[in-house]
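Written below as structure tokens is the structure these notes are about.
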Amino acid sequence: MILDQLKSALPLEDVAVIDCHGHLGKWPLTHMARPSLDETIETMDRLGIDQLCLSPFLGCFCDFRRGNDLLGEAVRRHPDRLLGQFTVNPNYPDDVLPEFRRCEKAHGLRMLNQYVRHGSDDNVHTFLGCQALHSKEDRHFRCKAKPLAEA
């Protein structure tokens with residue numbers, strides 16, 4: 001039973017574990033004991049986490065393009081373990097939709113992280129980008145993770 005396994009504090013045996021909140025890299029105001037990509041994968045292994053949804057700290061706060069490129073590189077290194085969530089800056093509305101498409105084309109990223117801290121309370125441009133991506137020509141773009149690889 002899953003509850004018994006959880007109480008034992010041991011990794012789950014028969015259940016895929018997907019951590020839906022993680023960050024790539026360091027950020028000065030946030031403590032991360034093991035911030036490198038290799039350390040993140042080691043921690044996932046130690047804790048029994050099969051896959052991790054993560055977004056780049058750099059993209060959440062200042063340079064979304066560079067952050068998304070670093071994220072794409074990380075996902076490329078560990079495609080069965082990492083589910084990348086790219087970011088955009090709603091203060092640059094003309095860049096939102098092109099960045100969605102660039103992330104998908106360049107890196108295969110199809111999940112958007114809505115955690116945006118660029119000094120804007122108005123995420124309307126991010127919403128409009130999402131709406132445009134669900135238009136007829138872009139129906140392939142969905143925020144769904146692929147299934148875990150067969151063990």
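Observations on the model:
- A count restricted to the range 65-83 and to residues that are in a helix (DSSP H, G or I) and within 14 Å of His23 (Cβ to Cβ) stands at 6.
Yes or no, residue by residue, for (1) part of a loop (DSSP other than H, G, I, E, B); (2) more than 30 Å from Leu10 (Cα to Cα); (3) out of contact with any Cys (no Cβ under 8 Å at 6 or more places or on another chain):
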| site | (1), (2), (3) |
| --- | --- |
| Thr40 | no, no, yes |
| Arg46 | no, no, yes |
| Ile49 | yes, no, yes |
| Leu54 | no, no, yes |
| Cys60 | no, yes, yes |
| Gln85 | no, no, no |
| Asp95 | no, yes, yes |
| Arg101 | no, yes, yes |
| Lys105 | no, yes, yes |
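- Unique match (being touching a residue at least 24 places away in the same chain (Cβ under 8 Å) and touching a Lys or Arg at 6+ places or on another chain (Cβ under 6 Å)) among Phe100, Phe57, Phe61: Phe61
- A single entry from Cys20, Cys53 fulfils the requirement of being surrounded by 12 or more Cβ atoms within 10 Å (Cβ to Cβ) and touching a strand residue (DSSP E or B) at 6+ places or on another chain (Cβ under 9 Å): Cys53.
- Residue pairs whose Cβ atoms lie under 7 Å apart, separated by 6 or more positions or on different chains, with the first residue in the range 83-97 and closer than 20 Å to Glu73 by Cβ and free of Cβ contacts under 8 Å to residues at least 40 places away in the same chain and the second of a type in the set (Ser, Thr, Tyr) and not in a helix (DSSP H, G or I), are Gln85/Ser55; Thr87/Ser55.
- Residue that is nearest to Arg81 (Cα to Cα), among those in the range 1-38 that are in contact (Cβ under 8 Å) with a residue 40 or more places away in the chain and part of a loop (DSSP other than H, G, I, E, B): Ala16
- Boolean, Pro90 is farther than 18 Å from Trp27 by Cα, at pLDDT 95 or above and not in a helix (DSSP H, G or I): no
The values are calculated or read from the model by the stated rules, or taken from the named source; none is laboratory data. None of these values were measured; they are calculated from a predicted model. Here Cβ is always computed from backbone atoms with ideal geometry, including for glycine, and neighbour counts include all displayed protein chains.
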